[in-house]
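FYI, it's all coordinate maths here, none of it is from the lab. Note that the structure is a prediction, hence the values are computed from the model and not measured. Here the Cβ is made from the backbone with ideal geometry for all residues, glycine too, and neighbour counts use every protein chain on show.
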Amino acid sequence: MNITRRKFVKLAGIASLVGLTGGLTGCGNKSAAVEKTASAAAEKSTVYFTKTIDAEHLIALYNKINSTVTGNVAIKLHTGEPHGPNILPRDMVKAFQAQVPNSTIIEANVAYGGARSSTERHRKTLETNGWTFCPVDIIDADGDVNFPVNGGLHLKEVAMGVHLTNYDSLIVLTHFKGHAMGGFGGSLKNIAIGCASGKVGKLQVHGVQDYGKWVTGELLMELMADSGKAICDHFGKQIVFLNVMRRMSVDCDCAGTSAKEPTCADIGILASTDILAIDQASVDLVYAAADTKDLRERIESRQGLRQLTAMAQLNMGNKAYELVEVG
């Protein structure tokens, strides 16, 4: 039977919802059914969710997943092109960062030229966009360092900004939205491309060095998964993920003022210690919404769902999750 990617994800979403409610009961051994349900629940990762998007709820969700966040803490955030209309609200991020001890926002230079292509220009853009309330470390300002990709699909190593090694823990604070090449930008994109150095690593993730061109489609998703795995392996249990689903344009914050206006409503905030589970849950929420046609088309036209299956292949997390709503 042929099945489209959209139908597959819709079916997967339905299956997830059935799983969350304990499934459909029928005739048979009731105690065995309860045992089976309990076993299945134990195999799921927890993803916390709130429909309210503000600093208070962002902090509340973070506090449910932060038990392993210690030492020097990096907060990976997409700070955007100059005057980007969709970047996360500065006041919300400011309140969040203020309650994370020893924390620093981190960014890396870009490979495509423009206002963030050099450290000097990047710092001016940070000022323009109001990221002045705490230190912002451009992690590749002093070069890069190779992170190994253990059992990668394509890459054996990826060049990350060298300052990334100065941190003990990583909070991945992501503005979930569409992406011109990746289909969607979730936690994986935020670290896989966002932590790679501008002069070397981002070209590796985009396949420029190995394949002679800026690759697209499933190969790009697989390269992103390789890069994300290198970072997740480096930090181990000391990495956590927050996806903020607001102003979800089909375009990334890299597009700046040229980003298309969002055509769907805000959804909420998610938090998890599992990168695959949080991105899977975010995509499922997109597909469950009635007004996300443009975003779904962007995801599918770029084969963006391959991000999820590639992470599963690399054993980066669990695609099965329990969505726990927080008021």
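Each Lys and Arg adds +1 at its Cβ and each Asp and Glu adds -1 at its Cβ; summed about the Cα centre, the chain shows a dipole of about 640 debye. Which whole DSSP H helices in the chain pass both tests: a Cα extent of 24 Å or more along the axis and a mean Kyte-Doolittle value no lower than -1.0? Qualifying helices, which must be both long enough and hydrophobic enough, are 217-235. Taking 7 Å steps out from each Cα toward its Cβ at Y112 and N63 produces label points 3.9 nm apart. Which of rounded, prolate, oblate describes segment 187-293, given a ≥ b ≥ c as roots of the alpha-carbon gyration tensor eigenvalues and a/c under 1.5 marking rounded, otherwise prolate only if a/b is larger than b/c? Taking the square roots of the gyration eigenvalues as a ≥ b ≥ c, segment 187-293 is oblate. Across all directions, the average flat footprint of the convex hull enclosing the Cα atoms of segment 147-246 is 6.1 nm². Give K94/K229; K156/K237; K213/K293; K64/K319 a once-over and call out the pairs whose C-alpha atoms are over 26 Å from each other. Listed pairs above 26 Å: K94/K229; K213/K293.
Of all beta bridges that DSSP places with both ends in the chain, some 45 percent have antiparallel geometry. Full extension of the segment from N315 to D266, taken as 0.36 nm per residue of separation minus the current Cα-Cα distance, would add 14.6 nm. In this calculation the C-beta distance from V162 to T257 is compared with R0 = 30 Å, giving a FRET efficiency of 0.45. Debye-formula intensities of segment 46-325, expressed as log10 I(q)/I(0) at q = 0.17 Å⁻¹, are -1.53 (one equal scatterer per alpha-carbon, no solvent).
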